[in-house]
1. Could we say that B:ASP166 is on the phi < 0 side of the Ramachandran plot, in contact with a strand residue (DSSP E or B) (Cβ under 8 Å, 6 or more places away or on another chain), surrounded by fewer than 18 Cβ atoms within 10 Å (Cβ to Cβ) and at pLDDT below 75 here?
2. Under the condition of being touching a Phe, Trp or Tyr at 6+ places or on another chain (Cβ under 9 Å) and under 18 Å from B:ASP280 (Cβ atoms), which residue from the range A:1-23 is farthest from the other protein chains (Cβ to nearest Cβ)?
3. Among B:GLY179, B:GLY244, which is the only one that is touching a residue at least 60 places away in the same chain (Cβ under 8 Å), surrounded by fewer than 16 Cβ atoms within 10 Å (Cβ to Cβ) and either within 14 Å of chain A (Cβ to nearest Cβ) or small (Gly, Ala, Ser) (or both)?
4. Restricting the search to the range B:303-340, which residues are hydroxyl-bearing (Ser, Thr, Tyr) and surrounded by 20 or more Cβ atoms within 10 Å (Cβ to Cβ)?
5. In this structure, does B:THR256 turn out to be buried (at least 17 other Cβ atoms within 10 Å of the Cβ) and touching a strand residue (DSSP E or B) at 6+ places or on another chain (Cβ under 6 Å)?
6. Kindly establish whether A:LEU56 is modelled with pLDDT of 80 or more, over 30 Å from A:MET295 (Cα atoms) and in the same structural domain as A:MET174 (by TED's automatic domain parsing).
7. Looking for something without any contact (Cβ under 8 Å) to a residue 24 or more places away in the chain and at the interface with another protein chain (Cβ under 7 Å from one of its Cβ atoms) - is there at least one such residue anywhere in the range B:252-262?
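The values are calculated or read from the model by the stated rules, or taken from the named source; none is laboratory data. This is a predicted model, so every value here is computed, not measured. All Cβ positions, even for glycine, are placed from backbone atoms using ideal geometry, and neighbour counts span all protein chains on display.
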Amino acid sequence: MMIGQLLKKNIFVLMRNKHIFVILLLMPIVLISILGFALSDMMNQESSTLEARVFLVEHSSEKADAQRFIEDLQQSALPAEAQEGIATAVPALLPIQILKEHVFASEELQENIMFKIASPDELSNIKKSEDASVIIEVPEGFTYQFLQQLFLGQGEKPVLLLLQNEGKQISSGMVEEILANFQEQYALSAALQEENMSMQAINQSDMMNNITITEESVDKRPIVSALTYYTFGMSTMFVFYVASSIASMAFLERDNHVYNRILLSNVSRWSYVSSVACTGLIFSFCQLGILFAFMVIFYGVEIPDLSMLVVITIFLSFSISGFTALLTALSFRSGNANSFVDMFQSVVVTVLAFLGGSFFPIEAFKGIGQFTPNGAALQAYLLVFQEYDWEAISGHMLAMFIYGVVLLGLAVVIFPRKERA
Amino acid sequence: MVSILMVKCKMLMRNPWMFIVLTVAMIGFAFLVGANFSGKVKVPVFTQLSDSDTNELIEQLNTSNAFEYIVMDEDEALEQVVSNETALAVQLADEEAKMVLTSEGGNTSLVYYELLTAYQTLERNATILEAAESFGIDRVSLEERLNNLQDYNIFTIETQGFQAKDSPMYDSRLQGVFGFSLFFVIYTIAFNVVSILTEKKEGVWDRMILSPVRKWEMYVGNLLYSFMLGYLQVLLVFCVFKFGLDFNFYGSFLKTVVILIPYVFSIVAISILVAGIVKDMTQFNVVMPLISVSMAMLGGAYWPLEIVSSKLILLMSKFVPLTYGMEALKGATIYGQDWVTLLYPMGMMTLMGVVFIGVGIRLFDRKA
């Protein structure tokens with residue numbers, strides 16, 4: 001009976017405290033919203049959102065270079081026939097022109113690449129604006145050296161300069177890849193030439209064979225979106241603040257001698273601890289419920305199986321009630337200001353959240369995460385979103401349940417039996 | 001001022017446990033983070049191809065410097081995906097590959113490109129070798145040539161950064177390590193700064209005002225102390241990465257250590273600002289995690305800012321010192337930027353620090 005009364009009191013006291021709403025609801029909502037904004041584009045369309053802005057800067061005219069090469073050719077000792085053959089082939093092989101008109105203008109790349117030609121004067125401006133992903137700088141005489149290499153195999157190998165924006169590693173890497181491919185095509189034909197084989201002999205369409213690479217989930221289950229992942233990641237982190245908030249309320253009561261007066265009214269200390277634990281359970285359940293409802297209403301997160309979600313939430317709340325009781329017991333025992341609660345809030349929560357995968361999928365941890373209560377809950381929630389059944393989540397449920405029982409047990413052991421004066 | 005510092009140090013000596021626990025926690029955390037990001041990300045692979053085809057593909061794939069592809073049987077690979085031990089597994093088949101995953105992540109597109117390139121290279125070589133056979137060309141020598149294509153390059157590509165001479169490369173390990181250390185340090189620094197809130201509440205400050213110690217000395221002494229402790233802790237963490245876990249700092253370890261100075265300063269400044277705004281310890285404890293987590297998200301500690309295209313978020317990230325901290329740390333190490341280039345992010349952090357500390361002290365001073 002008494003527990004009910006104490007519970008009522010706890011709820012009233014907590015509801016009066018506005019901080020608690022800030023910490024328990026506003027904070028995760030703000031963070032999830034930041035995430036929603038930041039990741040929304042990443043989610044809508046997969047990789048195609050990445051746009052590389054490519055600027056091409058030429059330090060000399062390609063035509064003049066080609067002209068110079070042909071003039072040099074005419075002076076050379078090559079037989080006239082060979083000279084003519086090369087001269088007619090040159091216009092179709094100008095590398096920068098191919099780059100401009102074929103490589104970067106190709107339809108496949110249209111979506112991901114914005115290609116612009118800029119003059120050398122603009123170079124420093126482009127570098128300063130953070131707009132560009134890469135600048136391809138064609139040094140003076142590039143084409144001349146290029147043609148000499150290609151046809152005569154003499155002179156120095158020309159160097160194409162690829163300037164990459166440090167802030168855009170992914171898209172500039174993409175362009176690097178494209179250029180490397182371009183480079184390889186020439187190398188390939190040169191290599192084949194040495195075997196007296198020409199590129200024409202190979203069916204080019206065969207090479208660009210339809211290679212399909214698809215994304216698929218295990219057993220065709222739905223793929224969990226980044227927003228869903230982080231919604232549950234953040235929720236399972238912030239639920240810990242229920243424990244610390246309630247524990248600090250309880251400690252305040254001890255400080256204000258409210259606790260002593262409760263004991264005087266012939267209420268057993270175990271009723272008090274139970275009421276604290278129950279408050280933890282109720283508040284964390286409500287907090288999670290409100291957060292999930294918020295996500296469903298404002299971000300259109302769809303919940304596949306409500307009953308499973310509710311049951312997982314109850315189990316998670318149960319383990320949080322364990323934390324609440326333990327924190328309360330520890331701070332009552334030590335009698336020292338709020339040091340345990342502070343420590344919990346700043347260090348323990350962060351470490352648990354990190355291990356549990358709230359910040360970052362727990363890839364390399366080889367499953368340490370699922371042995372934290374929040375990690376187990378997160379995994380279970382994710383399994384629900386992949387439409388697994390009860391059996392799949394039972395292990396995680398057990399983990400949360402054990403946490404709850406062990407922590408409550410510890411709290412009972414640690415909670416001071418006799419109040420020191 | 002010196003006397004304040006002395007008092008602070010004495011207090012620390014008398015009750016060092018909190019500090020020691022925090023530092024140990026931080027170093028442990030550093031080890032965990034470091035271990036998480038050390039080495040390549042492992043990608044389980046299962047296959048429907050013959051052994052020789054698979055080996056060829058795997059060999060090609062494992063030239064990657066971000067991922068390590070490991071062949072295992074299907075059940076085992078899928079089990080790893082389901083239990084979230086790995087972000088994705090790859091199924092190889094003839095002319096197609098499947099990436100099996102449970103939740104979306106940043107690695108998917110990278111693996112996609114690597115798979116595509118590997119398949120294309122092999123496909124190309126196969127086509128050429130096939131065609132060569134009809135020409136009666138020696139297969140072995142041609143294969144040799146195809147494997148050493150770079151010797152036949154007509155031109156070379158030299159990559160540079162916009163700001164620096166070295167070519168930038170994607171180093172997700174350092175990104176992760178820097179991100180988490182900058183993030184976690186906020187907690188420890190805030191914890192050090194907040195002691196002045198308690199002191200003020202307990203009336204220590206009132207008594208100090210009565211002493212010959214000047215007000216500015218009180219502030220400088222306290223903040224300097226917080227700064228030094230915070231800096232010491234980050235330094236320890238970075239030393240763990242450098243000497244304990246052998247991370248590659250690209251020879252710029254000293255630069256990173258210097259970059260941390262304005263960063264720690266700006267975080268001390270933010271902490272005093274928050275201490276000036278909030279009413280009591282509880283509120284401070286509420287606001288600080290909110291600020292640190294959102295700063296970490298906005299500043300690119302969790303994911304590189306490049307994947308964010310929202311203008312609003314990018315604008316907000318300009319007002320977060322962590323953004324500049326990440327920029328400078330990555331600049332100094334991965335891109336090998338020189339001091340002149342690093343001056344901008346370091347200057348921004350200092351500027352923000354000065355503004356925050358100015359406003360913070362004013363607000364803090366007005367408190368009863």
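1. Working: on the phi < 0 side of the Ramachandran plot: yes; in contact with a strand residue (DSSP E or B) (Cβ under 8 Å, 6 or more places away or on another chain): yes; surrounded by fewer than 18 Cβ atoms within 10 Å (Cβ to Cβ): yes; at pLDDT below 75: yes.
Taking the combined requirement at face value, the residue satisfies it.
2. In this case the residue turns out to be A:LEU14.
3. Details: B:GLY179 fails: surrounded by fewer than 16 Cβ atoms within 10 Å (Cβ to Cβ).
None of the others qualify; the one that does is B:GLY244.
4. Matches in the range B:303-340: B:SER317, B:THR323, B:TYR324, B:THR333, B:TYR335.
5. No, not satisfied.
6. Yes; evaluated as a whole, the condition is true for this residue.
7. No: the range B:252-262 contains no residue that is without any contact (Cβ under 8 Å) to a residue 24 or more places away in the chain and at the interface with another protein chain (Cβ under 7 Å from one of its Cβ atoms).
Conditions (1) part of a loop (DSSP other than H, G, I, E, B); (2) within 14 Å of another protein chain (Cβ to nearest Cβ); (3) basic (Lys, Arg); (4) in contact (Cβ under 8 Å) with a residue 24 or more places away in the chain, marked per residue:
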{"residue": "A:TYR259", "(1), (2), (3), (4)": "no, no, no, yes"}
{"residue": "A:SER271", "(1), (2), (3), (4)": "no, no, no, yes"}
{"residue": "A:PHE294", "(1), (2), (3), (4)": "no, no, no, yes"}
{"residue": "A:SER331", "(1), (2), (3), (4)": "no, yes, no, yes"}
{"residue": "A:PHE359", "(1), (2), (3), (4)": "yes, yes, no, yes"}
